[in-house]
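Trainee: Below is the structure I would like to discuss, written out as structure tokens.
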Amino acid sequence: MNSLPQARVSIRKIGREEQPLVIIDQYSGMAARLHKAGCNSQFQQAGAFYPGLRAAARPDLIELRRDMITTILEQVFGLRQEIVLEMLAYALVTAARGSLSAAQSIPHYDHAGQNVVAGMFYMLGEGSGGTAFYRHRRTGFETITALREAEYRSAVEGELQQSGWQAGDYHYGDTDHYELLDEVEARPDRLILYRGNLLHSGVIPGSANLSCDPSTGRLTMNMFFRGQ
């Protein structure tokens, strides 16, 4: 295997809660190879919430820089013991605009806890879209904890009832219900890490090809780390 490129790590804080967002550029030196592997993977429906397909991925991406990732998880996110990689998968957005469920059309969170860190690895360029982070206006929440979950869900259900929900589009930017706090654009060989309880949404440009063919569609890699 070729020697690793010199990774560039930057950390910034999101919103009033100043939650960390870690951006690692030139992470692997093998984004094209990983993309090719993804194109040859077996995809299946990802479930009710993700608007597309997923395929299992080998842990090579994490093994490349295990020490760096562990240090970041410990020093930036405060994970201390029994850090495990719970999921690593290729993700392919395929759902047509205007066909999304309510849950797919608003920012979401992955887990209501401080001990789960999510990651997104981009293999494509800016045209494939990045990731955006939000504050819910009515509650003021930027993260959803176990103590906030019931209040947040009640507020969102009320908003959806008031609006007379119809099949929606991919969320982006400021709306009556959400405020855009920050966003990261996609760049080849860029990995980002953030707490799984942050409200966020994929940025899906109008020009994005939402194909079921991973060689032409919006293909990324998603991951979750859990610790104590």
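The values are calculated or read from the model by the stated rules, or taken from the named source; none is laboratory data. Just so we're clear, the structure is a prediction, and the values are computed from it rather than from any experiment. Virtual Cβ from ideal backbone geometry, glycine too; neighbours counted across all protein chains shown. The area values use the complete protein model at the heavy-atom level, side chains included, leaving out ligands, DNA and RNA. Shrake-Rupley method; radii C 1.70, N 1.55, O 1.52, S 1.80 Å.
Trainee: With a probe of 1.4 Å, find how much accessible area region 3-113 has per residue, and write the answer as a whole number in Å².
Mentor: 54
Trainee: If you average the C-alpha positions of region 13-56 and of region 146-194 separately, how far apart do those two centres end up, in angstrom?
Mentor: 18
Trainee: Oh, and also: In the chain, carbon and sulfur make up what percent of the accessible area (probe 1.4 Å)?
Mentor: Numbers: 5150 of 11000 Å².
Exposed carbon and sulfur together represent 47 percent of the surface.
Trainee: Here's another thing I want to ask about it. When N counts the residues of region 111-228, how does its alpha-carbon radius of gyration compare numerically with 2.2 N^0.38 Å, as a ratio?
Mentor: Here the answer is 1.15, to two decimals.
Trainee: Still on this structure, please answer the following. Run through region 1-41 and list the trypsin sites (Lys or Arg not before Pro) located in a DSSP loop whose Cβ has at most 15 other Cβ atoms within 10 Å.
Mentor: Of the trypsin sites (Lys or Arg not before Pro), the ones in loops of region 1-41 whose Cβ has at most 15 other Cβ atoms within 10 Å are R16.
Trainee: Put +1 on the Cβ of each Lys and Arg and -1 on the Cβ of each Asp and Glu in the chain; which of A103, Q75, F141 then has its Cα farthest toward the positive end of the dipole?
Mentor: Q75
Trainee: Please list, in chain and number order, the residues 5+ apart from L181 or on another chain whose amide H is under 5 Å from its amide H, with Hs placed from the backbone.
Mentor: Excluding prolines and chain starts, which carry no amide H, the hits are F133, Y134, R135.
Trainee: A further question on this structure: Can you give the extra length, in nm with one decimal, that the chain gains between R153 and I11 once fully stretched, where that is 0.36 nm per residue apart less the Cα-Cα distance?
Mentor: 48.1 nm
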